[in-house]
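Below is one structure, written out as structure tokens; comments come after it.
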Amino acid sequence: MTTTNEGAMEKKKSNNGSRYENQKRRDWNTFCQYLRNQLPAVTVGVCTGSHVLEFLHYLDQFGKTKVHNPTCPFFGVKNPPAPCPCPLRQAWGSLDALIGRLRAAYEENGGRPESNPFGGRAVRLYLHDVRHFQSKARGVSYDKKRNRPKPLLSTSSISSSMS
């Protein structure tokens, strides 16, 4: 049993981690709380990819990214000129980062890598579909940026800049 001072010291230690570690801990606690609130309650040990997908759908209600429906006149428009009733959702990049943190937290909390529900096929496909749909709906390209070769400086431009 810990005393009040020991509990405060333990909390202070946990706040001293990196931003990533603190966010990972908060995400993990949120996910575990979500599982406990299910009827019937679900333990992490029996959690599956479908529970993860339900959690991601649940999080959509707290999103801040406008994702246009295919019937919206602004579907595919990068910067719409007027407001519309389309829903706010979690952005693909936020979901992708969240799943990465939860995947790591699952294994750090005793889960086996081969049974990690955050790395399952269903979750990967869901993230792929969200990325594809959001890029079409928002007129945003999520394509990887190509590394363009840097132009070489000619020796005459280097010597003239040194003068």
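The values are calculated or read from the model by the stated rules, or taken from the named source; none is laboratory data. Bear in mind that the values here come from a model prediction, so they are computed numbers and not experimental data. Don't worry about glycine lacking a Cβ; one is built from the backbone with ideal geometry, like all the others, and counts go over all protein chains shown. We work out accessible area using only protein heavy atoms, side chains counted, and drop any ligands, DNA or RNA first. Shrake-Rupley method; radii C 1.70, N 1.55, O 1.52, S 1.80 Å.
Relative to the current alpha-carbon distance between N37 and V140, full extension at 0.36 nm per residue lengthens the span by 33.5 nm.
Taking only protein heavy atoms and a 1.4 Å probe, what accessible area per residue, in Å², does the stretch 11-92 have with all protein chains in place? Before the final figure, lay out the partial values.
Values: 5480 Å² over 82 residues.
Counting only protein heavy atoms, the per-residue value for the stretch 11-92 is 67 Å².
Note on E21/S50: beta-carbon distance plugged into 1/(1 + (r/R0)^6) with R0 of 45 Å gives a FRET efficiency of 0.95. Extension gain, H128 to A97: 0.36 nm times the residue separation minus the Cα-Cα distance gives 9.8 nm. Working ranking of peptides 76-84, 23-31 by packing, defined as the average number of other Cβ atoms within 10 Å per residue, highest first, is 23-31, 76-84.
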